[in-house]
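The values are calculated or read from the model by the stated rules, or taken from the named source; none is laboratory data. What you are looking at is a predicted structure, and each value in this text was computed from that prediction instead of being measured. FYI the Cβ positions are ideal-geometry reconstructions off the backbone, even for glycines, and counts take in every protein chain you see. To get the accessible areas, we keep the full protein, side chains included, count just its heavy atoms, and leave off ligands, DNA and RNA. Shrake-Rupley method; radii C 1.70, N 1.55, O 1.52, S 1.80 Å.
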Amino acid sequence: MKMQKLSEDDIRAGLDKLSRETVVYAPMEQEGRLDFRKMEKGGEVELGARKTIMSAKKLFLPQAEELFSFKAGKHSVEMIDPPKDEEPLVLFACRPCEMRALEIMDKVFNWDYADFQWNERRARATIIVFACLEPLTETCFCNSLGIDSSRSDGADAIIYTTAEGFFARAHSEKGKKALKVFVGKDEEAPEFTTRDFPEKFNTDLQEKMMENFESPTWKEIAPACIGCGICTFVCPTCHCFDIQDEGGRRVRLWDYCTGADFTLMLAHQPRPTQYRRYRQKVMHKYSYYPTRFGEILCTGCGRCIDQCPQNIDFREVLKKCNRLAPAETGGEE
Amino acid sequence: MTAENGNLYKPHIVTVTEVWEETPTIKTFRMVFDDPKVGDNFTFKAGQFGEYSVFGEGEATFCIANSPTRKGYIECSVKEVARMTHGLHLLDVGDKVGFRGPYGNWFPLEEMKGKKLMFIGGGIGLAPLRSLIQNVLDTRKDFDQVDIIYAARCEEEFVYKREIEEWKASSDCGLCLAVDPIPDQVCGDDVRVSFIPPILEEMKPNPKNRIVITCGPPIMIKLVTAKLEELGWPAEQIITTLEMKMKCGLGKCGRCNIGSTYVCKDGPVFTYEQIRSFPQEY
Ligand code: SF4
Ligand code: FES
């Protein structure tokens, strides 16, 4: 297949031009932290095999997002829409797992009620994915879940990294348009396939988990979890949120189910212990969401493994979940 | 993908037209939509809920406590517990509130027609039942016998005292009031000092052609359903409405999930048969 062959210089020159025309987010390091950042002046885009700390989720579901602001007087209320981001946005060099995460979340944000804010940002974005022909870092396990990281059909364009340079290909009109700023000739590209990752996980856990909901093994799944929520904040698919009023604005804020406050009501706590909250996190991803929306709510990006202060390895969690067995004595205390 | 719908999180503005105190910590607010077009087009069914907001204090979930047969306003009954409900309790006639809704499913009114109904409420759990009770009493001839059992910690804690007096005086429904058997309990002669299960044990309500609709503190619901099952009640004839922490009401925020169920979308009204199939986390 013919693809657009680009050198590193071609890419950098193209990005430079693109970022002058439109808003570009790309992995860039600042104070030692690699994250998707807005290309303004200076700053070098990371084109190599490194993973951002945060996922690209924040560009579509911001950590704190104004839903509207208000001026409330004694007998009047005026509600004001937030300033609209109308500029198109290019998300450059996110990975196939990030793209999958957006496609997976499209479902929850569009069943029955369509979430205007989410859809608007999705529609506005042109997404250019960098394929992963091997695990990007040692905590990656997308391929172990059955995701083919050599492609990203939902993305607007995909770029392959080879020893001889880069090969780019558009999937959509938006992608075509974005790739135009990069010079480079069409050349016959090799066939790209992903080298299989060392492990394969069984992810067909919906029923097993439901049947073993009461299993005491849940207490051993992640006993070290302290409910800090870091895994959720870095996760590309965690999307639970809170709504609060902050200084004249109603905002939607990321929230996390491993925290005790998540379900706490006045005189009632449906998930009173940490293992129950962790069970919710795992089951939402591997049982409830698949039941509801037909997709696992996890892409194996491994960020939760990278960032957990308690060194909880989600791959181990998955293996333990595969070994869940019915309670011998039954019941929870 | 097009962004066709508007901002789902922006509420309608409603104005408080009446406030009254139910108990020392619970008030009921009657509200009217500011935009008459919105008000005229607003419809809901008994059992549905809304997201109410006090600007500056945030949003909270309450059922719509009046019946759709009583048109032109919405009511909610709120216990003062935290920031938002404190802010709400400070409001007076003329003040503005935000309202999103109606959300969720509703009581199966059509299926209830021609049947005997038994309402079992505890504390502020009478609020969602009140919507249905008003609805049933307003269209009384559609239903067979109607009974109401209502319990609270003490008489002072009864909500809807005005209506309770009406129910007492009316021949449209049977009424049994009860207060908890706690030390030094003082109450009127027509109020029983008992938890609800012993009352059910005595009454032995026959499940034939009858539906129980119950709402109250989780522990009360658990004991009531256990007693009814003991009395031979099929779980599908026991209906309840679940109170889970909710935020969006739209099936997005994930707060209200019990297993793969979105209480805000699939509920809040469930039969006990459905609830029994949920992971035990409510
Ligand atoms: S990051 Fe680790 S400790 Fe924190 S909530 Fe997640 S699993 Fe628990
Ligand atoms: S309240 Fe947000 S998903 Fe149900």
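Cβ separations smaller than 7 Å between residues 6+ apart or across chains give the following pairs from segment B:244-263 residues that are more than 18 Å from residue A:279 (Cβ to Cβ) and more than 7 Å from chain A (Cβ to nearest Cβ) to residues that are crowded, with 22+ Cβ neighbours inside 10 Å and among the basic types (Lys, Arg): B:246/B:255.
If you check residue A:76 against the conditions, is it in the same structural domain as residue A:8 (by TED's automatic domain parsing) and surrounded by 18 or more Cβ atoms within 10 Å (Cβ to Cβ)? No: the conditions fail for residue A:76.
Could you say which residue among A:28, A:3 is in contact with a strand residue (DSSP E or B) (Cβ under 6 Å, 6 or more places away or on another chain), free of Cβ contacts under 8 Å to residues at least 60 places away in the same chain and closer than 24 Å to residue A:168 by Cα? Give the steps one after another, and end with the answer.
Details: A:3 fails: free of Cβ contacts under 8 Å to residues at least 60 places away in the same chain.
Criteria check complete, one pass: A:28.
State which residue is farthest from ligand 1 (Cβ to nearest atom) when the search covers only segment B:218-237 and only residues that are crowded, with 23+ Cβ neighbours inside 10 Å and more than 17 Å from residue B:263 (Cα to Cα). Spell out how you get there, then give the answer.
Of all residues in segment B:218-237, those crowded, with 23+ Cβ neighbours inside 10 Å come to B:221, B:224, B:228.
Checking the rest, the ones that are also more than 17 Å from residue B:263 (Cα to Cα) come to B:224, B:228.
Numbers: B:224: 37, B:228: 40 Å.
Checked segment B:218-237; the qualifying residue farthest from ligand 1 (Cβ to nearest atom) is B:228.
Scanning segment B:41-99 for residues that are within 14 Å of chain A (Cβ to nearest Cβ), in a loop (DSSP other than H, G, I, E, B) and over 17 Å from residue B:11 (Cα atoms) turns up B:80, B:81, B:82, B:90, B:91, B:92, B:93, B:94. Yes or no: residue B:153 touching a residue at least 24 places away in the same chain (Cβ under 8 Å) and open to solvent by 50 Å² or more (accessible area, probe 1.4 Å)? Judged against the criteria, residue B:153 is a match.
Right, residue B:37: exposed (fewer than 15 other Cβ atoms within 10 Å of the Cβ) and away from ligand 1 (no atom under 16 Å from the Cβ) or not? Against the criterion (exposed (fewer than 15 other Cβ atoms within 10 Å of the Cβ) and away from ligand 1 (no atom under 16 Å from the Cβ)), residue B:37 qualifies.
Rundown of residues vs (1) of a type outside the set (Val, Ile, Thr); (2) modelled with pLDDT under 95; (3) in the same structural domain as residue A:105 (by TED's automatic domain parsing); (4) not in a loop (DSSP other than H, G, I, E, B), yes/no style:
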residue	(1), (2), (3), (4)
A:194	no, yes, no, no
A:200	yes, yes, no, no
A:210	yes, yes, no, yes
A:213	yes, yes, no, no
A:223	yes, yes, no, no
A:226	no, yes, no, no
A:233	yes, no, no, yes
A:250	yes, no, no, yes
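Residue-wise test of (1) more than 18 Å from the chain's Cα centre (by Cα); (2) away from chain B (no Cβ under 12 Å); (3) more than 13 Å from ligand 1 (Cβ to nearest atom); (4) buried (at least 22 other Cβ atoms within 10 Å of the Cβ).
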| residue | (1), (2), (3), (4) |
| --- | --- |
| A:263 | yes, no, yes, yes |
| A:289 | no, no, yes, yes |
| A:296 | no, yes, yes, yes |
| A:299 | no, yes, yes, yes |
| A:313 | no, yes, no, no |
| A:322 | yes, yes, yes, no |
